[in-house]
1. How high is the relative contact order of the range 87-194, given as a whole-number percent (alpha carbon pairs under 8 Å, six or more residues apart)?
2. Could you look at the range 216-299 and say what percent of its accessible area is carbon and sulfur, using a 1.4 Å probe and all protein chains?
3. Roughly how far apart, in whole Å, are the Cα centres of the range 353-413 and the range 1-29?
4. Using label points projected 7 Å from each Cα along Cα→Cβ, tell me how many nm separate SER51 and SER399, to one decimal.
5. Quick one: of LYS44/LYS204; LYS175/LYS323; LYS245/LYS311; LYS113/LYS311; LYS323/LYS344, which pairs are farther than 31 Å apart, Cα to Cα?
6. Work from the charge dipole of the range 86-139 (Cβ charges, +1 for Lys and Arg, -1 for Asp and Glu, about the Cα centre) and give the residue of TYR127, TYR96, MET111 farthest towards its positive end.
7. Using 0.36 nm per residue of separation minus the Cα-Cα distance, give me the extension gain between GLU256 and SER109 in nm, one decimal.
8. Per DSSP H run of n ≥ 4, the term is -39500 (n - 2.57); total these for the chain, divide by its residue number, and report the mean residue ellipticity at 222 nm rounded to 500 deg cm²/dmol.
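The values are calculated or read from the model by the stated rules, or taken from the named source; none is laboratory data. Computed from a prediction, not measured in an experiment: that's the story for all the values here. Don't worry about glycine lacking a Cβ; one is built from the backbone with ideal geometry, like all the others, and counts go over all protein chains shown. Heads up: the accessible areas ignore ligands, DNA and RNA and are worked out on the full protein's heavy atoms, side chains in. Shrake-Rupley method; radii C 1.70, N 1.55, O 1.52, S 1.80 Å.
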Amino acid sequence: MKVLLLGSGGREHAIFWKLSQSPLLTSLDVFPGNGGFPENQIIKEAGLSLSDMEGLAAFVKNRGYDFVFVGPEQPLVDGVADALKNICPVFGPDRYAAQLEGSKDFSKSFMEKYRIPAAHSRTFTDYNEAKDYLQTKSLPIVIKADGLAAGKGVTVAETHEQAEQALKESLIDHKFGNSGNRVLIEDFMKGIEASVFALCDGKKALPFIAAKDHKRAFDNDLGPNTGGMGAFAPVSFMTDEVMKKVQEEVLDRVMEGMQKEGHPYRGLLYAGLMVDGGIPRVVEFNVRFGDPETQPLMRLLDEDLLDLSFKAAKGELPDIKLKFKDEAALVVVLAAEGYPDEYKKNILLKDIDRVQGDIIFFHAGTLRDGENLISSGGRILGITATGKDPVQARENVYSFMKNLNIEGTFYRKDIAEREI
Ligand code: GLY
């Protein structure tokens, strides 16, 4: 099978690693890729862009791809699955279904309509009305920009001043552009967060084991929110009983709801959950694999990802329980100093191409500059390891990382610590 993978992050590098193991593969290209992908598999086509749907469709058709695997959310929200659907199977939902991530307001209405457990919220476009409503609410309170905001559109406000500031930034200062023209004020949910991903074929959803992300920049969950600084799987509090609830009350209801809406959901569904006393509720949906959670999950998945994602795209997933290695896996993200705000760029990355036993690097913000590998993004690399349990996986990653001295970078030292 001739496959094109779209995307350029650690998520896509991990997916590429896994797809590459499939006996069904005849060739695998990536666009736009990063410094971690083999040069001869990166598409370098002048004018090709992830935001130009017509151009992408023509390219996919001309090159005769059998399957397109979409990594990031933006092209899905922009309708890439619709643009390619008459050319070849595409892994990723259509534009309508992608609103589950593209519009928090849409997502909330959908959850209400199909009885998916989540926090109560109200949507506002007017700053003064939003402020008045705020006065009636207790703290903490959550303020969410409606549209995509690169993981920065959510504020958990501890005070009314913080909440008002978040409303102002979104509705008056337009910090998130059009994405912040509507704002949700949502009740705070307490509990512990977990991520559950599922392969979906329009009718059924096959869940992965749960993973746990670490969103804050610094140890002990301090500092600003990031795209994710580390993750591990499996997660002990996501017991069979909790996962059964996730399946029945979340995943199956999305499948049923999207079928009723006339847009069967195909691709990857990411349920960001808050779990309290064994009860899971949805914080948000994403319509693609999460990053960095995908990195440890790919290391544990004991299935042919190409076979299953292709079947998902065609609406033909088998009725199986996905198999995973009976181990744990963990990723620690190496980030550029300053991230997630203004961060250092062009950091020279030395010695990281060496394979180190069980350690695998997945590249995120890297690029090749002649012989050199340099950083090009805030999250630079995901360093992954496995182990018989999270303690072992954690020891394996950190014993390697203590010898990794790359000036101008930082990483969290407490990934999975609480779990252990
Ligand atoms: N790790 C969070 C995300 O992928 O959205």
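1. Values: 156 pairs, mean separation 33.2, N = 108.
In percent, rounded to a whole number, it is 31.
2. Working: 1380 of 2940 Å².
Carbon-and-sulfur percentage of accessible area, whole number: 47.
3. 20 Å
4. Label-label distance for SER51 and SER399, simple model: 4.7 nm.
5. On the way: LYS44/LYS204 36 Å; LYS175/LYS323 43 Å; LYS245/LYS311 25 Å; LYS113/LYS311 29 Å; LYS323/LYS344 40 Å.
Going by Cα-Cα distance, LYS44/LYS204; LYS175/LYS323; LYS323/LYS344 fall outside the 31 Å limit.
6. Ranked along the dipole, the leading option is MET111.
7. Working: separation 147, 0.36 × 147 = 52.92 nm, distance 1.49 nm.
Full extension of this stretch gives 51.4 nm more.
8. Details: 13 runs with 114 residues, N = 420.
Mean residue ellipticity, 222 nm, calculated: -7500 deg cm²/dmol.
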